[in-house]
1. Among the residues of the range 30-56 satisfying the criterion of being surrounded by 10 or more Cβ atoms within 10 Å (Cβ to Cβ) and in a loop (DSSP other than H, G, I, E, B), which is farthest from the chain's Cα centre (by Cα)?
2. Among what's in the range 1-29 and is assigned to a loop (DSSP other than H, G, I, E, B) and in contact with a helix residue (DSSP H, G or I) (Cβ under 8 Å, 6 or more places away or on another chain), pick the residue that is surrounded by the most Cβ atoms within 10 Å (Cβ to Cβ).
3. Is it the case that the range 75-90 has a residue that's part of a loop (DSSP other than H, G, I, E, B), more than 30 Å from residue 7 (Cβ to Cβ) and modelled with pLDDT of 90 or more?
């Protein structure tokens, strides 16, 4: 019988099947199989300037627990979204 447990790859499908590897498309393929690169589709990384930045990227497991309780959806709404909605209604 068929092996249903192994991953379905492009080797197991028909010639037209191309699953890809999850990468974003950087352009379009025309009808005559020519690839056109579109600059707006190319991802650009925005990296902040970390000159003089004092924090380190690592947090030790021995660090003390945070004092604030985890934020709920209702708290987030009342603190962030509700003021914006009220401002938009007033204007």
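The values are calculated or read from the model by the stated rules, or taken from the named source; none is laboratory data. None of these values were measured; they are calculated from a predicted model. Note: ideal-geometry Cβ built from the backbone for every residue, glycine included; neighbour counts use all protein chains shown.
1. The qualifying residue farthest from the chain's Cα centre (by Cα) is 38.
2. 26
3. Scanning the range 75-90 turns up no residue that is part of a loop (DSSP other than H, G, I, E, B), more than 30 Å from residue 7 (Cβ to Cβ) and modelled with pLDDT of 90 or more.
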